[in-house]
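Worksheet: one structure, shown below.
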Amino acid sequence: MYRAIHLPIVLVLFFSINLSCASKNEIGAAPNSNQEQSTSTPTGTNEVNEKESFVSLHGQLRIDGNKIVDEYGNAVQLRGMSFFWSQWMGKYYTPETVSWLKEDWQCTVVRAAMGIEDSEGYITDPQAEKDKIFTVIDAAIANGIYVIVDWHSHHAEDYEEEAKLFFTEIAQKYGARPNIIYELYNEPLDVSWINVLKPYHEAVITEIRKYDPDNIVICGTRNWSQQVNEVIGNEIEDDNVAYTLHYYASSHKQDLRDIAQSALDNDIALFVTELGTTDYSGDGLIDVQETNTWWKFLDDNGISWCNWSIADKNENSAALQPNASTSGQWPDSAITQSGRLVREELRNKNPKFQ
């Protein structure tokens, strides 16, 4: 009799409590402060989870056909900035500059251009120049972006033994990091791909692969890294090699794009480790129309690139005005016309990490 009388009351109370809890949650009761909040990216924006980085999202890069892909097999296009010759503009090889390029310019890659045979370069003072490169590499790793380690030479075949020793050291020190990209020869001159450049690259790659079997290697091509079509049928036998293409928009136009397209059509992966908005001297006209035509070509083909350069030199390709800070934090007044053009492209195309 007792149960018969009170069971309906118990059931009413049970359902009332549950409905009340559900109602509070639906209306928007304050979430538990200890519970992790969702930070998913809204559709149509280029912002990402602030706890992620570009490298943590993509991991180990590799070459697949004529594309760079990430560790999940997704095509990746890197966009960023190249530093100037290390011995002449080493003041910008700072952790603060790298951080600012990642945070404000939204770079996903930077290029550390270590000068070799020219005055005051690596051949003259190897430790001083290496220290600058190590600083940029460490900062890139800390900021979760990729970094190109560039043997910035026009005569690297004359310094093959030095290159082998240097890249061996880089591979031993950093080869386990997916951030690292090796660039073995900035801009060869008019020397044979088959007889000079390919043997040089193969010799240096052999040393790298003793310690780093995975990271991408970029190989310079004849005639200021423009004759990428000469690689067709004469590729280096390594699964993770791309080939260097350089251009300056005011000087190099459709003819060079046609050469690049012929390489792409033959499954040659390209990486534009240096591009300019000016003529080939690094000065002269800033050709906005050709710059945008080139960027469309690179986007259409998924080609990664770095702009020349982070420098305050008095020339139009320099991204910074004279005496710009060596610690980033550059206001618009400290950025040149070319720098503003490139910064806008980077910020429009690259994901933003907080």
**Complete:** Of the residues in segment 151-178, those that are of a type in the set (A, V, I, L, M, F, W, C) and either farther than 23 Å from E274 by Cβ or not in a helix (DSSP H, G or I) (or both) number 3
**Request:** Go through (1) free of Cβ contacts under 8 Å to residues at least 60 places away in the same chain; (2) open to solvent by 20 Å² or more (accessible area, probe 1.4 Å); (3) closer than 17 Å to V217 by Cα one by one and return the number of the condition Q127 breaks.
**Result:** (3)
**Pick from segment 319-340, criterion of a type in the set (G, A, S) and touching a residue at least 60 places away in the same chain (Cβ under 8 Å), ranking: most open to solvent (accessible area, probe 1.4 Å)** = S327
**Prompt:** Being farther than 27 Å from G175 by Cβ, assigned to a strand (DSSP E or B) and of a type in the set (A, V, I, L, M), is that true of even one residue in segment 280-289?
**Reply:** no
**Request:** Kindly indicate which of I141, I137, I148, I170 is over 16 Å from the mean Cα position of the chain (by Cα) and among the aliphatic types (A, V, I, L, M).
**Result:** I170
**Request:** For segment 103-140, name all the residues that are touching a strand residue (DSSP E or B) at 6+ places or on another chain (Cβ under 8 Å), within 16 Å of S327 (Cα to Cα) and charged (D, E, K, R).
**Result:** K132
**Request:** Go through segment 151-165 and count every residue that is open to solvent by less than 10 Å² (accessible area, probe 1.4 Å) and under 20 Å from F84 (Cβ atoms).
**Result:** 4
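Only one residue in G284, G276 is within 30 Å of G65 (Cα to Cα), of a type in the set (G, A, S) and touching a Ser or Thr at 6+ places or on another chain (Cβ under 6 Å). Which one?
G276
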**Prompt:** Which numbered condition trips up R257, out of (1) within 23 Å of the chain's Cα centre (by Cα); (2) open to solvent by 30 Å² or more (accessible area, probe 1.4 Å)?
**Reply:** (2)
**Message:** Being surrounded by 18 or more Cβ atoms within 10 Å (Cβ to Cβ), in contact with a Lys or Arg (Cβ under 9 Å, 6 or more places away or on another chain), touching a residue at least 12 places away in the same chain (Cβ under 8 Å) and part of a helix (DSSP H, G or I) narrows it down to one residue among I141, I148, I181; which is it?
**Reply:** I141
**Residue among T135, T168 that is in contact (Cβ under 8 Å) with a residue 12 or more places away in the chain, of a type in the set (V, I, T), under 30 Å from D332 (Cα atoms) and surrounded by 16 or more Cβ atoms within 10 Å (Cβ to Cβ)** = T135
**Message:** Take the conditions surrounded by fewer than 16 Cβ atoms within 10 Å (Cβ to Cβ) and outside any loop (DSSP other than H, G, I, E, B) and apply them to T273. Does it pass?
**Reply:** no
**Asked** What is the residue count in segment 64-90 for residues that are more than 13 Å from the chain's Cα centre (by Cα) and within 18 Å of R111 (Cβ to Cβ)?
**Response** 7
**Request:** Could you grab me the full set of residues in segment 296-311 that are closer than 13 Å to L346 by Cβ, open to solvent by 10 Å² or more (accessible area, probe 1.4 Å) and not acidic (D, E)?
**Result:** none
**Request:** Within segment 211-262, count every residue that is within 20 Å of G65 (Cβ to Cβ) and hydroxyl-bearing (S, T, Y).
**Result:** 4
**Message:** Based on this model, can you work out whether G121 counts as more than 18 Å from the chain's Cα centre (by Cα) and crowded, with 24+ Cβ neighbours inside 10 Å?
**Reply:** no
**Request:** Kindly list, by first and then second residue, each pair from a residue in segment 189-204 that is farther than 22 Å from F166 by Cβ and open to solvent by 40 Å² or more (accessible area, probe 1.4 Å) to a residue that is modelled with pLDDT of 95 or more and part of a loop (DSSP other than H, G, I, E, B), limited to pairs with Cβ atoms under 7 Å and residues at least 6 apart or on different chains.
**Result:** I194/N234
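The values are calculated or read from the model by the stated rules, or taken from the named source; none is laboratory data. Note that the structure is a prediction, hence the values are computed from the model and not measured. Please note: Cβ atoms are built from the backbone with ideal geometry, for glycine as well, and neighbour counts cover all protein chains shown. Note: areas computed on protein heavy atoms with side chains; ligands, DNA, RNA excluded. Shrake-Rupley method; radii C 1.70, N 1.55, O 1.52, S 1.80 Å.
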